[in-house]
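Worksheet: one structure, shown below.
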Amino acid sequence: MRDNIFNIPVFGALLRSVWFWRIARLTTLALTVAMIAWGWHQHAVPGLSLPDPLMYTNLTNHLFWVWWLMGIVFIALLFGRLWCSVCPLGWLNGIVSRFGLRREMPVWLRNFISVTLVLVILQLAIYFFKLHRFPDYTAILLTFCLLLTIGAGLLYRQRAFCLLFCPAGAVFGLYARVAPFQLRVKQPSVCAGCDSQRCVSEPQEWQKHQLGGSVLYRHRRLDGCPVDLVPAALADSADCTFCLNCFHNCDKENIKVGFRPWLADIETGLRRSETLFFLVLFGMLTANFSKVYVELRQLLFWLPQEVAVLLGWQESGYYVLAAIWVALLLPSLLMLPGYLILRAAAIRTTSITDPDAGPGLFVHDERSGFWSSVGQLALPMIPALLTAHAVLAIVKINAKAAYLPFALVDPSGVKSFLAMNVMQTVATPGAVISLDILKWVVLLLLIVGLFLSFLVAKKVAVRQGRPGFLPAAIVSVLIPTVCYFSTVIEWLFVR
Ligand code: SF4
Ligand code: SF4
């Protein structure tokens, strides 16, 4: 039952129903539209010249930045990409693509480059426009995403929005390697002998709808896999969006969805452009994590600050420098020691008698390039990164969750803000659990992440048999975790 949730009594029947998923997706889509309405035109409190007064009291901002963006980290931790199964954007993209041009997405677009750019642009928008502080900006962002998903759906056959524009999907793909949850076929032999191949073939069929004496026949094409996967060939869970099309289309009932051991896919190496995405995410997460530890933050941002001063650039120029630094240079620098250990361990000097191998001849080993090495070293870092991400999410939710009842009663957030800060008839909501408890939870999470990272380092080192991989991986894991641990200790234990 654990490895197939569709077999759970009663609940399993509900999960097998196509209507259950339709209603769930419709609910999240309706919530997204409602969030746009609650945030639209809500920028400030009339008559008060205060910066970002509605940041947490407005329901749109609260739901999006506290619950949605932070909550999906825990979904990713436990269920990998399961959020995608009810994501309103992915679903809308799939529906619209039935009626659009249904073009094939060009091969040169099928990588992580555009999604990496979107992540950087979002970070810049947060720096420049304080996107996360104003409900109207959040509403505009959501509207833009809805329009983009419709546009992408009208153009391409696949879930183009997910592949091109959704950084959350790319983050899920990384974390799905750790999560104990997967979709697989029950018996590969059944797929091997299957003539219909309905799970991948977008089958067409007649459907009969009956109401009393009236009967309606409808001819329709069933949706295939939106990301062009073949369930029988799934080797990892990085790309499956749990849309369940293959489950509903399979006429042999040979698809299962359920739990598996942790870290099951962790040995699946990162693709080249995925390595770039990993680096950007790693840099942003590390910079974000360290921002409460002033000395560490000053150290991490020392170089872009000095360069901005040297060039005489003001705030905006510094933000651009900081974004480039955080997204690319800082994470590359943090990975450099591990990479150098790998390269040093690969040096071998042997006597050869081959007359063609004269001085200056280098034989290139594909695995030893920077991107390929970082892609391999990234694997052991994923658990540590995921737990650091979960820590950020816990801290944020713990600090702001108590605003939710107020935001539900007053979605605009104006009355709540006035009651808390002007009339002071209501106390400003505090943390849900005290810092004395939170600090141990956070520390425990980081320790678990570090332990899992070491476990993965050992696993990958044994499989690869590459000289120096284990020490290189341990150094790569230790560098950021030292930043995370020192931040937590300084912030929650010392201060
Ligand atoms: S990839 Fe992004 S947009 Fe697509 S379903 Fe997943 S969360 Fe939604
Ligand atoms: S069709 Fe199946 S394999 Fe493809 S994304 Fe949907 S659930 Fe995953």
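Inclusion of V200 among residues that are buried (at least 16 other Cβ atoms within 10 Å of the Cβ), of a type in the set (A, V, I, L, M), within 15 Å of ligand 2 (Cβ to nearest atom) and more than 25 Å from the chain's Cα centre (by Cα) is warranted. For segment 254-271, the criterion of being under 15 Å from C194 (Cβ atoms) and either more than 16 Å from ligand 1 (Cβ to nearest atom) or touching a residue at least 24 places away in the same chain (Cβ under 8 Å) (or both) is met by at least one residue.
No other residue among A233, A238 is away from ligand 1 (no atom under 16 Å from the Cβ) and aliphatic (A, V, I, L, M) apart from A233. Among the residues of segment 223-244, just one is touching a residue at least 40 places away in the same chain (Cβ under 8 Å), near ligand 2 (Cβ under 7 Å from one of its atoms) and in contact with an Asp or Glu (Cβ under 7 Å, 6 or more places away or on another chain), namely V227.
Residues in segment 175-186 that are closer than 14 Å to A235 by Cα and not in a loop (DSSP other than H, G, I, E, B) were compared, and the one that is farthest from ligand 1 (Cβ to nearest atom) is V185. The residue list R133, R98, R81, R102 contains one member that is within 16 Å of ligand 2 (Cβ to nearest atom) and either modelled with pLDDT under 95 or within 30 Å of L418 (Cα to Cα) (or both), which is R98.
Of all the criteria given as (1) over 30 Å from K459 (Cα atoms); (2) part of a helix (DSSP H, G or I); (3) in contact with a helix residue (DSSP H, G or I) (Cβ under 6 Å, 6 or more places away or on another chain); (4) not acidic (D, E), the one not satisfied by A393 is (1).
Against the conditions (1) surrounded by fewer than 21 Cβ atoms within 10 Å (Cβ to Cβ); (2) part of a helix (DSSP H, G or I); (3) modelled with pLDDT of 95 or more, S412 satisfies every one except (2). Among the conditions (1) among the small types (G, A, S); (2) in the same structural domain as P88 (by TED's automatic domain parsing); (3) assigned to a loop (DSSP other than H, G, I, E, B), the only one that A232 does not satisfy is (3).
If you go through segment 160-197 and keep only what is over 23 Å from V280 (Cα atoms), among the charged types (D, E, K, R) and within 16 Å of ligand 2 (Cβ to nearest atom), you end up with R184, K186.
The residues in segment 220-246 that are farther than 15 Å from F79 by Cα and either crowded, with 22+ Cβ neighbours inside 10 Å or not β-branched (V, I, T) (or both) can be counted, and the count is 16.
Per-residue answers, yes or no, for (1) acidic (D, E); (2) touching a residue at least 60 places away in the same chain (Cβ under 8 Å); (3) farther than 28 Å from V488 by Cβ:
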residue: V307; (1), (2), (3): no, no, yes
residue: Y318; (1), (2), (3): no, no, no
residue: A322; (1), (2), (3): no, yes, no
residue: L333; (1), (2), (3): no, no, no
residue: A346; (1), (2), (3): no, yes, yes
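Taking first residues from segment 30-48 that are among the β-branched types (V, I, T) and partners that are not in a helix (DSSP H, G or I), the Cβ contacts under 9 Å between residues at least 6 apart in sequence or on separate chains come to V45/P53; V45/L54; V45/G413. Evaluation of C243 against the conditions (1) in a loop (DSSP other than H, G, I, E, B); (2) among the hydrophobic types (A, V, I, L, M, F, W, C); (3) under 21 Å from A457 (Cβ atoms) shows that the sole unmet condition is (3).
Taking into account only those residues within segment 155-197 that are of a type in the set (V, I, T) and in contact with a helix residue (DSSP H, G or I) (Cβ under 6 Å, 6 or more places away or on another chain), which is surrounded by the fewest Cβ atoms within 10 Å (Cβ to Cβ)? The qualifying residue surrounded by the fewest Cβ atoms within 10 Å (Cβ to Cβ) is V185.
The values are calculated or read from the model by the stated rules, or taken from the named source; none is laboratory data. As the structure is a computational prediction, the values presented were derived from the model and not from experiment. Ideal geometry is used to build each Cβ from the backbone, glycine not excepted, and the neighbour counts take in all protein chains shown.
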